Amino acid sequence: MNYDLAIIGGGIVGLATAWHVSERFPGLSIVLLEKESRLAAHQTGRNSGVIHAGVYYQPGSLKARFCKEGAVATMRFCKEYGLPFDQCGKLLVATDPSEIDRMNALHERCIANELSVERIDAEELARREPHIVGLGALFVPTTGIVDYGLVTRTMAGLVTERGGEIKTNAHVDDIHEEPGEVRIDAGRHTIRARHVIVCAGVMADRLAKKCGIDLDFQIVPFRGEYYRLGDDKNDIVKHLIYPIPDPSLPFLGVHLTRMIGGYVTVGPNAVLAFAREGYQFGDINLDDLSEMIAYPGFRKVIRANLRSGISEMWNSLSKSRYLALCQRYCPELKLDDLTPYRAGIRAQAVLADGTLAHDFLIRETARTIHICNAPSPAATSAIPIAHDVVARAMSRFGWSEAPRVTMSS
């Protein structure tokens, strides 16, 4: 089966890319390959559903730019296609005097990233959120919530309406880049495509390596565990409630998230996973684990974050410790309020020196483009990422606005 373009990965970044290509280049024959039986099965369908504003990211970085653009683009897409979303805003709550300086730094970061932000005191916080306590907070009104799985499936429908093909249960076993085409072996399918875009999430490094890219990173999986509050707590907050993150730690901390389904979740933490798709604590993949241990960058990042890593493990094993993280800003929560909820995996690129890749990473070969590091806020940023990838494809592959069909299925 021959195509102009094959896209690997059926999460929101892959579908946003297929959607944008099919809209802008209707002459191209497109196929999207997803190894699972359904789309959005991993990071896209297992995140907190937040439309991020772009508070935390280094000014000028891809994350800062794409997140801000992506929040607007995501809400515009939802309006155009009648999908539910809620621009409910976010409160970053300081609960300890040591967090005030960090909150002030985040306020400056918001201004640098040209985000709307309001600083409020404890009294105003209590007025807006009677169940939340703190010394003060930052209010970021452009944050929202959405069902990213639904957004992904809607994009898929638009792609197929325009003649694109989507193949599920198509696990990519190998990729061979040749002078005139790329051959993809995917289960019972052999796909030949003039060009390939890879949006493979937790498998991004392995597929990049198959295309001959000299890797300076490796994907390390971190499990984010959530709880759901009972239905009697559906109205406990009006906004999303985030702690002030510790800059010495790589993740944002446990927060209260209103979900588009009307309920509230608590989480996530960030626990090292022993399998790339290890959604349960006991999930172990010996191949994944041995590959991680053999990677020098992994050993360095573990040594540098050993204390926080052990703390996260204990928080994962102890429900009462997890609860204590929430009670810092919502003291009325009890153990019985926390009910099991699905976990997610953050596919995080770790560099050879043991540092986390803080920005999106995109790598290219003559005929392929790879989205190599796309953790949060990739779902929010999916549409701008797609636009960037298409711009790269126009330069790298020589696409024009009205490309001639060179292959047909």
Sorted by packing (mean other beta-carbon atoms within 10 Å per residue), highest first, where do 81-94, 169-182 land?
81-94, 169-182
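Please work out the ratio of the alpha-carbon Rg of segment 204-260 to 2.2 N^0.38 Å and round it to two decimals. Write out the running numbers ahead of the final one.
Values: Rg = 18.1 Å, N = 57, 2.2 N^0.38 = 10.2 Å.
My calculation over the Cα atoms of segment 204-260 gives 1.77.
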Which shape class applies to segment 145-230: rounded if a/c is under 1.5, otherwise prolate when a/b exceeds b/c and oblate if not, where a ≥ b ≥ c are the square roots of the Cα gyration tensor eigenvalues?
oblate
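For a footprinting-style exposure proxy, rank Cys199, Cys110 by other Cβ within 10 Å, fewest first. Don't skip to the answer; put the middle values down first.
On the way: Cys199 29, Cys110 21.
Starting with the residue having the fewest Cβ neighbours, the order is Cys110, Cys199.
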Helix 12-24 axis, angle to the chain major axis (alpha carbon atoms, nearest 10°)
50 degrees
Taking 0.36 nm per residue of sequence separation and subtracting the Cα-Cα distance, how much length would be gained by fully extending the chain between Ser308 and Asp359, in nm to one decimal?
16.2 nm
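Please list 214-223, 39-48 highest first by mean number of surrounding beta-carbon atoms within 10 Å per residue.
Sorting 214-223, 39-48 by mean packing, highest first, produces 39-48, 214-223.
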Rounded to 10°, Cα long-axis angle of helix 148-161 versus longest principal axis of the chain
20 degrees
Name the long-range amide H neighbours of Leu32: under 5 Å, sequence gap of 5 or more, or other chain; modelled H, no Pro or chain starts.
Ile7, Glu165, Ile166, Lys167
Per-q log10 I(q)/I(0), the chain, q = 0.10, 0.15 Å⁻¹ (Debye; single scatterer per alpha-carbon; no solvent)
-0.67, -1.44
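Let me check I've understood the local charge: for Gly180, count other residues with C-beta under 12 angstrom from its C-beta, Lys and Arg +1, Asp and Glu -1. What total comes out? Before the final figure, lay out each step's value.
Working: positive: Arg183, Arg192, Arg194, Arg367; negative: Glu177, Glu178, Glu181.
Neighbourhood net charge equals +1.
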Can you tally the net charge around Leu158? Count Lys and Arg as +1, Asp and Glu as -1, for every other residue whose Cβ sits under 13 Å from the Cβ of Leu158.
0
Apply the Karplus curve 6.51 cos²θ - 1.76 cosθ + 1.60, θ = phi - 60°, to the phi angles in segment 176-191 and return the couplings in whole Hz, x for Gly and Pro.
10, 8, 10, x, x, 6, 10, 9, 10, 9, 10, x, 7, 9, 10, 10
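If you average the sequence gap of Cα pairs under 8 Å that are 6 or more apart and divide by the length of segment 249-381, what percent do you get for the contact order?
Numbers: 144 pairs, mean separation 27.4, N = 133.
Result for segment 249-381 is 21 percent.
Eigenvalues of the Cα gyration tensor times 5, then square-rooted: what semi-axes does that give for segment 227-325, in whole angstrom, largest first?
Working: eigenvalues 175, 52, 27 Å².
Equivalent ellipsoid of segment 227-325: 30, 16, 12 Å, largest first.
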Please list the non-local residues whose amide H lies under 5 Å from the amide H of Ile244, H modeled 1.01 Å from N, same-chain partners needing a gap of 5 or more.
Val93, Thr95
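Just to confirm a number: summing +1 for Lys and Arg and -1 for Asp and Glu over residues other than Tyr279 whose beta-carbon lies under 10 angstrom from that of Tyr279, what do you get? Don't skip to the answer; put the middle values down first.
Values: positive: Arg46, Arg223, Arg342; negative: Glu225, Glu277, Asp283.
After counting each charged neighbour, the total is 0.
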Compute the helix-to-body angle for 378-397: its Cα long axis versus the longest principal axis of the chain, expressed 0 to 90° and rounded to tens.
30 degrees
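Values in this text are rule-based calculations from the coordinates and carry no lab data. All of these numbers come straight from a predicted model, not from anything done at the bench. Cβ: placed from backbone, ideal geometry, glycine included. Neighbour counts: every protein chain shown.
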